[in-house]
1. Counting DSSP beta bridges with both partners in the chain, what percentage is antiparallel, nearest 5?
2. Quick one: which of 359-369, 456-466 comes out on top by average Cβ neighbours within 10 Å, and what's the full order, highest first?
3. With a ≥ b ≥ c taken as the square roots of the eigenvalues of the C-alpha gyration tensor of the range 96-253, please select rounded if a/c is under 1.5 and otherwise prolate if a/b is larger than b/c or oblate if it is not?
4. Rounded to the nearest Å, what's the spacing between the alpha carbon centres of the range 377-410 and the range 160-177? Just the number, please.
5. If you average the sequence gap of Cα pairs under 8 Å that are 6 or more apart and divide by the length of the chain, what percent do you get for the contact order?
6. Determine the calculated [θ] at 222 nm for the chain from helices alone, applying -39500 (n - 2.57) to every DSSP H run no shorter than 4 residues and normalising by the residue count; nearest 500 deg cm²/dmol.
7. What aspartates and glutamates does Lys346 reach when the alpha-carbon gap must be under 14 Å and sequence neighbours fewer than 8 apart in one chain are set aside?
8. Based only on other Cβ atoms within 10 Å, what is the fewest-to-most ordering of Lys432, Lys183?
Amino acid sequence: MRRNAVFAVGTAAAAVLIAAPLASAAKPVDSTALRDAVTSAGIMEHLEVFQDIADANGGTRASGTPGYDESLEYVKAQLDAAGYQTTVQPFLFNTFEELAAPAFERVSPDPAAYAEGDDFLTMEFSGSGDVTGALVPTNDIIIPPTSQPSSSSGCEAADFAPASATEPQVALVQRGTCDFTVKAVNAQNAGYDAVVIFNEGQEGRTEAVAGTLGAETEATIPVLGASFAVGADLYARTQAGTVVVHVMTSTLITHDVPTANLLATTGEGRSDRQVVVGAHLDSVAEGEGINDNGSGSAQNLEIALRMAELGIEPRNQVVFAWWGAEESGLIGSQFYVDSLTTRQVKGIAVNLNFDMVASPNYVRFVYDGDASDTASLGSTGSGVVEDVFTDYFAAQGLETEPTAFDGRSDYDAFINVGIPAGGLFSGAEGIKTAEQAAVYGGTAGLAYDPCYHAECDDISNLSVQALDEFSDAAAHATLTFAMTTSAIEGTDKGNAIGQSESSFLGSHLRR
């Protein structure tokens, strides 16, 4: 381990000296000492602690639980001992829980029970209820669907026929161009007792809808997300006569649950050029969250500790952030950004986001900051962040693949106010292709993380190789932006740029 506060240019053949193409030519950064200090073994020590915490607290580290609080206390203690200025930022959020398995049945004609998972799912933040009644479609369902998403079914109050004042009725709505909560609230206001929102039908939009109404929804009735096949069949049946369905959900929404973010700030560096290095610390309620996102949290902790150990004095202030309640809809990071003044927003040069960096069947995904390969909705300067990562991996002879800014992680709040952002992702529930397996190894036809959001996301659910590769890249990027004197062209800062039009809110679809 080399202790050195001075980062030389061109000192050794083994050094990785990458001049990232920032707004103007930046001096190359030698990240060798930091990368050597940040080891997968060190990161694994933190992950072992997270595992122990989960084991002692019912197998979870979800926000609002003792497992989360103990995880935060552990990270804070490490950072305090290293000399960081730490701040616990408390906030309140709402939680959602299914108390019993839902039910969805066609009562008549031709009785049939639909299968949870394949045919339907409960929308996150759905209300509870047990409803048997006639199924009534909106007046603007499009079957067959258009080639691109276009259905406005349920987006306007006028789409719904007034519900019966005496008999229970269930609204049938097609997924499309507006948020699920808009459809559900419109149905509720029209007098319906439950809602079934079925997928629109284009490629990639056929399975049961894993959606969210959002924690602040005004809908209180049961809301299900169904597959296109189920919805289209039910719609066709309503055109031939009365269809009666049974919908049952048993849910619990708890309001104003306390939790917190943790921030650790370097004592040195320009506060008007901050580098916010973030990872969500919480798990889902169903599991320990060791890959999602213990891996990103432990990686960032190790980078912070080794920067302090090496005596690195950044030119630009670094804020390491551990976000709470990401799994409930990116709540903690949004709370942080909402708490900033306009001047503070403009004082953030860049956000680096690390959410899942050790998936067992991994791919080296880099967020597509310049939208050159995906339908990303980035902000000006995000392409610079992408280049720092892709150039680093290329110098190591390692291939990468772009992934979209789709609203599924904590960069979302930063992009929404025009702050350049980027980061790494090793894959979640997506399926590895044969082409990816040929490049990255692993198993084609299997999810990048087969234990995503599951009880088995424990200490055995990791690729140490991925952890080693990703943490080196993360350390390099953190140091690059901490030391650069170049601007990052974040010309959108302080302005909403439309990222909120993303289809996702965290891990759930919102439209």
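1. Numbers: 41 of 76 bridges.
Around 55 percent antiparallel, to the nearest 5.
2. Details: 359-369: 24.9, 456-466: 19.5.
Per-residue Cβ counts within 10 Å, averaged per peptide and sorted highest first, yield 359-369, 456-466.
3. In terms of gyration-tensor shape, rounded.
4. The distance from the Cα centre of the range 377-410 to that of the range 160-177 comes to 44 Å.
5. About 20 percent, as a whole number.
6. Details: 12 runs with 136 residues, N = 511.
After summing the helix terms and dividing by residue count, I get -8000 deg cm²/dmol.
7. Reachable aspartates and glutamates: Asp272, Asp338, Glu489, Asp492.
8. Working: Lys432 21, Lys183 30.
Going from sparsest to densest Cβ surroundings: Lys432, Lys183.
None of the figures in this text is laboratory data; all of them are computed from the coordinates on show. Quick caveat, the model's predicted, so the values are computed rather than measured. Here the Cβ is made from the backbone with ideal geometry for all residues, glycine too, and neighbour counts use every protein chain on show.
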